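The values are calculated or read from the model by the stated rules, or taken from the named source; none is laboratory data. Treat the numbers as computed from the prediction; the structure is a model and nothing was measured. Neighbour counts are summed over all protein chains in view; Cβ atoms, including those assigned to glycine, are modelled from backbone coordinates with ideal geometry. We work out accessible area using only protein heavy atoms, side chains counted, and drop any ligands, DNA or RNA first. Shrake-Rupley method; radii C 1.70, N 1.55, O 1.52, S 1.80 Å.
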Amino acid sequence: MIKQILGRLPRKPGKTGDSRDAAGPNSNEPSNSYSVARGVEPGNKRSGNGDYVVPAGSSPNPMMNGTVVYHSNEPLPAFKDVPASEKQNLFVKKVNLCCAVYDFADLTKKLKEKEAKRQTLMELVDYVTSANGKFSETIMLEITKMVSINLFRSSSPTPRENKAIEGVDMDEEEPLMDPAWSHLQIVYEVFLRFVASHDTDAKLAKRYIDHSFILRLLDLFDSEDPRERDYLKTILHRIYGKFMVHRPFIRKAINNIFYRFIFETEKHNGVAELLEILGSIINGFALPLKEEHKLFLVRALIPLHKPKCVSMYHQQLSYCITQFVEKDCKLVDTVIRGLLNYWPVTNSSKEVMFLGELEEVLEATQPAEFQRCMVPLFRQVARSMNSSHFQVAERALFLWNNGHIENLIKQNYKVILPLIFPALERNARGHWNQAVISLTLNVRKIFSDHDSAFFGECTQKFNDDELKQEEFNSKREAMWKRLEEVAAPKSDNNNSLGTPNGKCSQAAG
């Protein structure tokens, strides 16, 4: 009874931060204090880890005055050891302790503190996962502050030089792993579960997960560590799904990353992950497609075929392109002409990828749209069929193994066969690779069986063209020989008239 009465009396503030205890989960004055691992600069900014600015609408607790409240070595009880009413307050304290950032360059330093932080982060993961009731604004502020301090690092590894330009396979190189990943991974897990939680109110959380926060999150996609990029991909996709108000901004920010990559640097580690997110976003576009989305296809996705390192993200890019074509078949002409515009000339492996993507696009193409682009398309296919690189020639001839594409070709064979017949004949007569010759003969047989009369006409026209070309070549050679014969006597006369040291001219004088 006495304890209950004493418990209701006002408590005297302690030296170590009882004022923080008084700030309950629904307090209007959320704390903005940091841990002792790093110093605090004026203006609520954290030195050495990027600047964390308190979001608009909230203010730092004036009682804190920028001082350290909870030390990393201060023992805090486990969540199971406190009543439910105190759990959110304890959660805020533990989040503040996790604002301590340690140097992992030397693995022997502060081992106890690092392990204590790791354990505390694991506790936060469990709490966010099993929390009952909506998260207060205080918790939202503290989580975004802790995430900002830990993740928005000022000295992240710089991107590697684009080795794909030098012909080096990037997949064979070991990616650089962040030594602090044992902490970063759990911070990402806390934030992922916070964003995905049903207890996170998007209308309140958007004050803290704002445009500035999203831009800095997008900057992290250039990380060398693939594990970090994988977490970022999942988190950004969750943010896009939960915060509808941010969707246009996220799309625009990704566009800007692509523009800089395509037209300026050609260096970015996270293009594949961003495209993977966009593939899911495009799949959810409503019909009819907005003009904004069509411009994104023309100005960003199609030009992404230009960089030499396209192999690093081509699978994800091809999926995005195919999604657009499946959404609106009228975009086929735009896509195929765009591919032809960036078609590689000397890069055989890139040409093989383009032919694979072309097949995926043609699978989703309707006859009316196919007719609009078939002439420039099969002129390029004919050049690829004649490639001296056997993989390119094979990939082009494999188009006839696709039933839908074969039907489209048969419907328009009187236009297509004359375009590719010279390539078929040259392959059949003189290609060095036996597999290419066999595939060529199979394609010739398809056309011959479909319309033998027209195939005969094409054969006759090809033979006539060959004879005309031979006649033209022989006439040109004969003309050059005559010119040489006419020029030979004149050169002989000039040599006989000329005398050394100018003696002839002196005698004449």
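Keeping all protein chains in place, calculate the accessible area per residue for the stretch 375-440 (probe 1.4 angstrom), answer in Å².
Value for the stretch 375-440: 42 Å² per residue.
Accessible surface of the stretch 403-463, 1.4 Å probe: 52 percent of it comes from carbon and sulfur atoms.
The alpha carbon centroids of the stretch 174-250 and the stretch 341-391 are separated by 38 Å. Sites listed here are trypsin sites (Lys or Arg not before Pro) in the stretch 278-385 whose DSSP assignment is loop and whose Cβ has at most 11 other Cβ atoms within 10 Å: LYS290.
Please report the orientation-averaged projected area of the stretch 274-431, defined via the convex hull of its C-alpha atoms, in nm². Computed as one quarter of the Cα hull surface, the answer is 9.1 nm². Gyration tensor over the Cα atoms of the stretch 264-358: the corresponding equivalent ellipsoid has semi-axes (square roots of 5 times the eigenvalues, largest first) of 21, 16, 11 Å. Converting phi to 3J(HN,Hα) with the Karplus coefficients 6.51, -1.76 and 1.60 and the offset θ = phi - 60°, the stretch 313-324 yields 9, 5, 4, 5, 5, 4, 5, 4, 4, 5, 4, 4 Hz in sequence order, with x at every glycine or proline.
Taking Cα centre as origin and charging only the Cβ of basic (Lys, Arg, +1) and acidic (Asp, Glu, -1) residues, the dipole magnitude of the stretch 308-416 rounds to 360 debye.
Taking a ≥ b ≥ c as the square roots of the eigenvalues of the Cα gyration tensor, the stretch 189-291 is classed as oblate, since a/c reaches at least 1.5 and a/b does not exceed b/c. The three principal axes of the Cα atoms in the stretch 368-426 give end-to-end lengths of 33, 21, 17 Å, sorted in falling order. For the residue pairs LYS114/LYS252; LYS206/LYS294; LYS114/LYS242; LYS87/LYS206; LYS294/LYS414; LYS87/LYS203, the alpha carbons lie more than 30 Å apart in LYS114/LYS252; LYS114/LYS242; LYS294/LYS414.
Could you compute the net charge surrounding ILE420? Neighbours are other residues with a C-beta less than 12 Å from the C-beta of ILE420; K and R count +1, D and E count -1.
Cβ neighbours under 12 Å give a net charge of +3.
Sorting the segments 222-232, 196-206 by their residues' average number of neighbouring beta-carbon atoms within 10 angstrom, most packed first, yields 222-232, 196-206. Checking the a/c ratio against 1.5 first, then a/b against b/c, what shape does the Cα gyration tensor give for the stretch 399-473? Oblate, because a/c is 1.5 or more while a/b does not exceed b/c.
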